[in-house]
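S.K.: Could you have a look at this structure, given as structure tokens, before my questions?
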Amino acid sequence: MWHFVLLIVCAVVIYLSCEWFVNAVEWLGRRLNVGKMAVGTILAAFGTALPESVVTLVAVTTGGTAESKDIGVGAAMGGPLALATVAYAVTGVALLQRRRKLAAAAGAAAVPAGAAVGGARGGATAVGRGGPGAPDERGEVLTGPGELARLVKDQRWFLAVFVVKVALGLVAFAFKPVLGLAFFAVYAVYFWREMSGGSATPHAVDHAAGDTAAGAQDAVVDDDEDELEPLKLQPRREVPATWAVVAQTLATLAVIFVSSQLFVHQLDAIGPMIGLPAAVTALLLSPIATELPEIMNAIIWVRQGKTKLALANISGAMMIQATVPSGLGLLFTPWKFDHALTWSGVVTIVAIVYLLATMRAHRLTPVRLAVAGLFYLVFAGGLVFILS
């Protein structure tokens with residue numbers, strides 16, 4: 001019973017900590033004068049994914065048994081899978097909910113205008129159509145100039161690195177550990193590319209969140225992307241002190257790390273209690289629990305109308321998970337995949353190919369993002385078959 005209570009408490013603590021974290025990291029991005037996308041792809045992603053990489057480092061370097069090292073390898077494969085499927089799917093569902101909420105609000109606001117012009121019939125028509133300027137659930141997630149192209153580029157980087165990562169797990173040769181350094185180099189290049197993008201990134205309309213004003217037909221600037229809420233540690237100051245920004249960032253990261261580890265431990269204890277084999281819990285549920293901070297960040301940013309940051313956070317976390325834990329695994333383990341790890345790699349690749357095809361066709365809608373979650377169900381079905 002206590003495990004279930006602690007699980008819920010940890011989830012709530014993670015969510016509240018993530019609210020404070022995204023609030024601080026946006027101010028940190030402004031202090032460092034980096035672009036909005038870099039706030040998501042580098043600062044937020046690095047902050048939440050780095051503690052997970054520390055866990056992998058401890059597992060592969062201090063683990064005295066092969067099983068301990070396998071935990072690190074499993075984490076290096078499970079993280080990208082959860083991000084490419086569950087994280088994107090949750091973001092899609094959050095976008096759908098936000099759009100429907102805004103559409104309902106637009107429809108309600110249109111009732112008086114419709115009644116004044118055309119009586120009851122006009123009001124009914126306005127409501128039926130969701131009102132002028134109501135968000136369209138079929139609309140693309142990113143419509144600003146260069147936004148989708150940048151996300152496509154990130155996913156291509158990830159796919160290329162991940163394919164090599166999986167291929168290395170299927171073969172054995174003497175100098176394989178040396179290639180671990182190449183993965184660190186790839187992330188260093190990615191880091192430099194994102195941070196050197198500057199702060200001049202254009203802030204375009206976030207149609208995914210449905211923030212277009214009622215009756216607006218043309219593109220307008222989405223102020224939600226630019227406006228920052230007061231720092232929670234100094235709510236009365238228009239511009240917070242740098243020390244407060246850094247303190248809030250580091251403190252929330254510490255809380256997120258501790259509560260995330262407790263969440264995973266509770267999940268590991270609950271799995272056998274409800275009849276799940278330990279292997280299924282470790283390979284199926286633990287990756288989602290580990291990536292919970294990134295998922296929470298995405299939900300919070302979508303609620304605030306900052307879809308660009310939500311997607312950037314996921315893609316940035318995917319790049320970290322594809323490089324840093326993999327480099328550690330290659331350096332300190334044999335990096336040899338069994339059937340379950342190979343299956344997780346295949347499903348991840350297929351999910352990214354699906355997302356890339358959708359993005360390149362300019363059809364990345366909330367519904368299609370949500371569909372990515374089905375790939376995790378496919379993985380679950382295959383995993384049960386492999387382990388049976």
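The values are calculated or read from the model by the stated rules, or taken from the named source; none is laboratory data. All values reported here derive from a predicted model rather than from experimental measurement. Every residue, glycine as well, gets a Cβ built from its backbone with ideal geometry; the counts of neighbours run over all protein chains shown.
S.K.: Could you tell me how many of the residues in region 272-291 are under 21 Å from the mean Cα position of the chain (by Cα) and among the aliphatic types (A, V, I, L, M)?
M.R.: Selection size over region 272-291: 6.
S.K.: So, R368, is that one part of a helix (DSSP H, G or I) and in contact (Cβ under 8 Å) with a residue 24 or more places away in the chain or not?
M.R.: So R368 fits the description; yes.
S.K.: Any residue in region 67-81 that is out of contact with any strand residue (DSSP E or B) (no Cβ under 7 Å at 6 or more places or on another chain), on the phi > 0 side of the Ramachandran plot and either without any contact (Cβ under 8 Å) to a residue 12 or more places away in the chain or not small (G, A, S) (or both)?
M.R.: Scanning region 67-81, I find no residue that is out of contact with any strand residue (DSSP E or B) (no Cβ under 7 Å at 6 or more places or on another chain), on the phi > 0 side of the Ramachandran plot and either without any contact (Cβ under 8 Å) to a residue 12 or more places away in the chain or not small (G, A, S) (or both), so the answer is no.
S.K.: I would also like to ask the following. Does G47 count as crowded, with 20+ Cβ neighbours inside 10 Å and modelled with pLDDT of 75 or more?
M.R.: For G47, the condition - crowded, with 20+ Cβ neighbours inside 10 Å and modelled with pLDDT of 75 or more - is met.
S.K.: Would you mind finding the one in A254, A298, A269 that is within 20 Å of the chain's Cα centre (by Cα), surrounded by fewer than 16 Cβ atoms within 10 Å (Cβ to Cβ) and not acidic (D, E)?
M.R.: Checking each option against the conditions leaves just A254.
Matching residues to (1) touching a residue at least 12 places away in the same chain (Cβ under 8 Å); (2) over 18 Å from L57 (Cα atoms); (3) in contact with a Leu (Cβ under 8 Å, 6 or more places away or on another chain); (4) in a helix (DSSP H, G or I):
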| residue | (1), (2), (3), (4) |
| --- | --- |
| A244 | yes, yes, yes, yes |
| F263 | yes, yes, yes, yes |
| L284 | yes, yes, yes, yes |
| N313 | yes, yes, no, yes |
| G329 | yes, no, no, yes |
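S.K.: Moving to a separate point now. Scanning region 97-108 for residues that are under 17 Å from I300 (Cα atoms) and buried (at least 19 other Cβ atoms within 10 Å of the Cβ), which turns out modelled with the highest pLDDT?
M.R.: For region 97-108, the residue satisfying everything is R98.
S.K.: Within region 343-352, is there a residue that is farther than 27 Å from L96 by Cα and touching a Pro at 6+ places or on another chain (Cβ under 7 Å)?
M.R.: No, that holds for no residue.
S.K.: Being assigned to a helix (DSSP H, G or I) and modelled with pLDDT of 95 or more is the filter; apply it to region 371-380 and report the residue that is farthest from L283 (Cα to Cα).
M.R.: That would be V371.
S.K.: Please find, within region 348-364, the residue that is farthest from L95 (Cα to Cα) out of those that are assigned to a loop (DSSP other than H, G, I, E, B) and over 16 Å from the mean Cα position of the chain (by Cα).
M.R.: If we take residues in region 348-364 being assigned to a loop (DSSP other than H, G, I, E, B) and over 16 Å from the mean Cα position of the chain (by Cα), then A361 is farthest from L95 (Cα to Cα).
S.K.: Could you tell me which of the residues A38, A24 is in contact with an Asp or Glu (Cβ under 7 Å, 6 or more places away or on another chain), part of a helix (DSSP H, G or I) and crowded, with 22+ Cβ neighbours inside 10 Å?
M.R.: On inspection, the qualifying residue turns out to be A38.
S.K.: Out of the residues in region 154-198 that are among the basic types (K, R), within 27 Å of L309 (Cβ to Cβ) and surrounded by 15 or more Cβ atoms within 10 Å (Cβ to Cβ), state the one that is modelled with the highest pLDDT.
M.R.: If we take residues in region 154-198 being among the basic types (K, R), within 27 Å of L309 (Cβ to Cβ) and surrounded by 15 or more Cβ atoms within 10 Å (Cβ to Cβ), then K165 is modelled with the highest pLDDT.
S.K.: Determine which member of the set V93, V117, V111, V86 is at pLDDT 90 or above, surrounded by fewer than 19 Cβ atoms within 10 Å (Cβ to Cβ) and β-branched (V, I, T).
M.R.: Sole residue among the options that is at pLDDT 90 or above, surrounded by fewer than 19 Cβ atoms within 10 Å (Cβ to Cβ) and β-branched (V, I, T): V93.
S.K.: Select, from A282, A278, the only residue that is modelled with pLDDT under 85 and surrounded by 20 or more Cβ atoms within 10 Å (Cβ to Cβ).
M.R.: One residue alone meets the criteria, A282.
S.K.: Let me ask another. Could you tell me which residue of region 1-22 is farthest from H265 (Cα to Cα), considering only residues that are in contact (Cβ under 8 Å) with a residue 60 or more places away in the chain and either in contact with a Cys (Cβ under 6 Å, 6 or more places away or on another chain) or of a type in the set (A, V, I, L, M) (or both)?
M.R.: V22
S.K.: Given the options T85, T61, name the one that is closer than 30 Å to L374 by Cβ and part of a helix (DSSP H, G or I).
M.R.: Exactly one residue qualifies, and that residue is T85.
S.K.: Tell me whether region 326-346 contains one or more residues that are surrounded by 21 or more Cβ atoms within 10 Å (Cβ to Cβ) and within 17 Å of the chain's Cα centre (by Cα).
M.R.: The answer is no, given that none of the residues of region 326-346 is surrounded by 21 or more Cβ atoms within 10 Å (Cβ to Cβ) and within 17 Å of the chain's Cα centre (by Cα).
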